[in-house]
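J.: Mind looking over this structure? Questions follow.
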Amino acid sequence: MLTPRLEAIAKMIPQGATIADVGTDHGYLPLALLKRKQIPSAIAADINEKPLSSARRNTGKEWIDQMQFRLGNGIEPIGCAEVDLVVIAGMGGELISEILSADWEKTRSLSTYILQPMVKVPVLREFLLQNRFRILDEALVREGNKFYQIIKVTHGEELNFLPIYREVGPVILKNGGTVLKEYLDFRIERIEIIQKQLRACLEAKTDEIARWEKKKETFLEVKNNVG
Ligand SMILES: C[S@@+](CC[C@H](N)C(=O)[O-])C[C@H]1O[C@@H](n2cnc3c(N)ncnc32)[C@H](O)[C@@H]1O
């Protein structure tokens, strides 16, 4: 059984797609997809030998012919246009951006990506905007007190981009729902903690205080408009 985060990624993968799971670690995602017969084959890639060995061990004899294991940095071990979809999940937003910008010819040849940053979501969202990626789908998942944004993208211009989309994507906002409301409350609470800390610090700069106030207002406004 997959965790809610990996399950949400699995849901975005079309039936019959070939995939590469970059930074596969234990290989849980491609293995679950093979077992469900959702995908015909997968490439499990990782920069480290140890996780790749664990993925190989977990796969076992039954599925080994449908899974390839490749050692390397980011999408370097994947061929140009070799798979329908690439998953890069469970890494920081900066690292995901670095992986995507390491070899633009390769990156552009692979049509669709599912990205799941653990931290630095705005860094990745800004990178996607600046480098002409277009959002196809998104999900917001809660696991305990952690929230994860999942972003499915292809190449192309993003139209009607609003500043709030650097923090929370358009599809997540449009879909609304309980998890989004909880997430917005969580973000507002975090901003209030930072504001309290800034107020207690004599050296805090007025523009920094104003920046956080503006951010809080944006989140409050979004919260009031969420269905
Ligand atoms: C936290 S695990 C994520 C596992 C799985 N993708 C998930 O979302 O549950 C991160 C994995 O990414 C691998 N990794 C880190 N940097 C990488 C890179 N530049 N290229 C490929 N894999 C990388 C690590 O070795 C590790 O196995």
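A short reminder: the numbers here are calculations on the coordinates, not readings from a lab. Everything numeric in this text was worked out from a predicted model, so none of it was measured. FYI the Cβ positions are ideal-geometry reconstructions off the backbone, even for glycines, and counts take in every protein chain you see.
J.: Please compute the Kirkwood hydrodynamic radius of the chain from all pairs of different C-alpha atoms, in Å with one decimal.
T.: 18.8
J.: Moving to a separate point now. What ³J(HN,Hα) values, in whole Hz, does the Karplus curve 6.51 cos²θ - 1.76 cosθ + 1.60 give for the stretch 205-218 when θ = phi - 60°, with x put for Gly and Pro?
T.: In residue order, the calculated couplings are 7, 5, 5, 5, 4, 5, 4, 6, 5, 5, 4, 4, 4, 4 Hz.
J.: Regarding the stretch 46-165, what's the average projected area of the Cα-atom convex hull, expressed in nm²? Could you put the intermediate results ahead of the total?
T.: Numbers: hull surface 34.2 nm².
Orientation-averaged projected area of the Cα hull: 8.6 nm².
J.: Identify which of 17, 204, 45 has the largest mean-square fluctuation in a Gaussian network model of the chain, with springs joining Cα atoms closer than 10 Å.
T.: Greatest mean-square fluctuation among the candidates belongs to 204.
J.: Ok, one more. Under a 10 Å cutoff between Cα atoms, tell me which one of 92, 176, 74 has the largest fluctuation in the Gaussian network model of the chain.
T.: 176
J.: Hey, can you grab everything whose amide H is under 5 Å from the amide H of residue 68? Only 5+ residues off in sequence or another chain; H modelled, so Pro and N-termini drop out.
T.: Long-range HN contacts for residue 68: 42, 43, 44.
J.: If you build a Gaussian network model of the chain, linking Cα atoms that sit under 10 Å apart, which residue out of 191, 19, 114 swings the most?
T.: Highest fluctuation among the options: 191.
J.: 5 Å is the cut-off here: which amide hydrogens, built 1.01 Å from N in the peptide plane, fall below it relative to residue 155, excluding neighbours closer than 5 in sequence?
T.: 134
J.: Right, here's the next one. Let's test the formula: R0 of 22 Å, r as the Cβ-Cβ distance of residue 212 and residue 130. What FRET efficiency results, to the nearest 0.05?
T.: On the way: r = 24 Å, r/R0 = 1.10.
After rounding to 0.05, the efficiency reads 0.35.
J.: Rounded to the nearest 20 debye, what is the charge dipole size of the chain about its Cα centre when +1 sits on each Lys and Arg Cβ and -1 on each Asp and Glu Cβ? Kindly include the intermediate steps, with their values, before the conclusion.
T.: Numbers: 32 positive and 31 negative charges, 104 e Å.
Computed about the Cα centre, the dipole is about 500 debye.
J.: Now, a different point. So which GluC sites (Glu not before Pro) in the stretch 72-122 pass both tests, a DSSP loop state and at most 16 other Cβ atoms within 10 Å of the Cβ?
T.: Numbers: sites: 82, 94, 98, 105; in loops: 82.
Listed in order of number, the matching sites are 82.
J.: Hey, what D do you get for the stretch 151-227 in µm²/s if you plug the Kirkwood alpha-carbon radius into Stokes-Einstein at 37 °C and 0.692 mPa s? Show your work: numbers first, answer last.
T.: Values: Rh = 14.1 Å.
It comes out at roughly 233 µm²/s.
J.: Of the peptides 156-163, 48-55, how do they stack up when ordered by the mean number of other Cβ atoms within 10 Å, highest first?
T.: 48-55, 156-163
J.: When the chain is fully extended, how far beyond the present Cα-Cα distance does residue 175 get from residue 201, taking 0.36 nm per residue of separation? Mind dumping the intermediate values first?
T.: On the way: separation 26, 0.36 × 26 = 9.36 nm, distance 3.89 nm.
Going from the current span to full extension adds 5.5 nm.
J.: For every helix of n ≥ 4 consecutive DSSP H residues, a contribution of -39,500 (n - 2.57) applies; sum these over the chain, divide by its total residues, and give [θ] at 222 nm rounded to the nearest 500 deg cm²/dmol.
T.: Numbers: 9 runs with 104 residues, N = 227.
Value at 222 nm, helices only, nearest 500: -14000 deg cm²/dmol.
J.: What nm value, rounded to one decimal, do you get for the distance between residue 221 and residue 53 when each label is placed 7 Å out toward the C-beta?
T.: So the two model labels end up 5.4 nm from each other.
J.: Could you tell me how many degrees, from 0 to 90 and to the nearest 10, lie between the Cα long axis of helix 178-199 and the main elongation axis, the longest principal axis, of the Cα atoms of the chain?
T.: So the helix axis and the longest Cα principal axis differ by about 50 degrees.
J.: Would you kindly calculate the translational diffusion coefficient of the stretch 93-227, applying Stokes-Einstein with the Kirkwood radius from alpha carbon pairs, for 20 °C and a viscosity of 1.002 mPa s, and quote it in µm² s⁻¹ without decimals?
T.: Value of D from the Cα-based Kirkwood radius: 132 µm²/s.
J.: Can you tell me the equivalent ellipsoid semi-axes for the stretch 1-98? Use √(5λ) from the Cα gyration tensor, largest first, whole Å.
T.: Numbers: eigenvalues 65, 48, 38 Å².
Over the Cα atoms of the stretch 1-98, the semi-axes work out to 18, 16, 14 Å.
J.: Under the rule of at least 5 residues apart or a separate chain, name every residue whose amide H is placed under 5 Å from the amide H of residue 91.
T.: Under 5 Å from the amide H of residue 91: 116, 118.
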